[in-house]
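The values are calculated or read from the model by the stated rules, or taken from the named source; none is laboratory data. Fair warning: this is a prediction, and the values are worked out from it, not measured in the lab. Don't worry about glycine lacking a Cβ; one is built from the backbone with ideal geometry, like all the others, and counts go over all protein chains shown.
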């Protein structure tokens, strides 16, 4: 599928339709269309092409870089958010490893905890009101 439309892919959400249209069939059910590729990166390549795949890689690299910088800043400041930042990094690395063997990036069970950890890790420090310790 990626060879047929390498630059921009077949379109977001069209993997199953294109799988069937191009005549690919599963050996166990000849008329069954696969709804996703073997891993997230192949799926992005098929649906979004090289351009979309590079944008996905850039997005996740930027997120990991930002969280890493924030974790380092929290570590240097000695505040309590260091744990959240390193937990978010661990979740991101774990999710990226999982995408090599499955299409898990769009699963709510995977992305909701990751989004929560990222939110806690990237939150700006609260300013203490007058007369109250932070």
Among the residues of the stretch 89-99, are any surrounded by 14 or more Cβ atoms within 10 Å (Cβ to Cβ), in contact (Cβ under 8 Å) with a residue 40 or more places away in the chain, within 10 Å of the chain's Cα centre (by Cα) and closer than 25 Å to residue 38 by Cβ? yes
Filter the stretch 3-36 down to the residues that are in a loop (DSSP other than H, G, I, E, B) and at pLDDT 75 or above and list them by number. 3, 4, 5, 6, 7, 8, 9, 10, 11, 12, 13, 14
Residue check for residue 42: under 19 Å from the mean Cα position of the chain (by Cα) and either modelled with pLDDT of 85 or more or at negative phi (or both): yes
Filter pass, residue 76 being out of contact with any strand residue (DSSP E or B) (no Cβ under 8 Å at 6 or more places or on another chain), at pLDDT 80 or above, surrounded by 16 or more Cβ atoms within 10 Å (Cβ to Cβ) and not in a loop (DSSP other than H, G, I, E, B): no
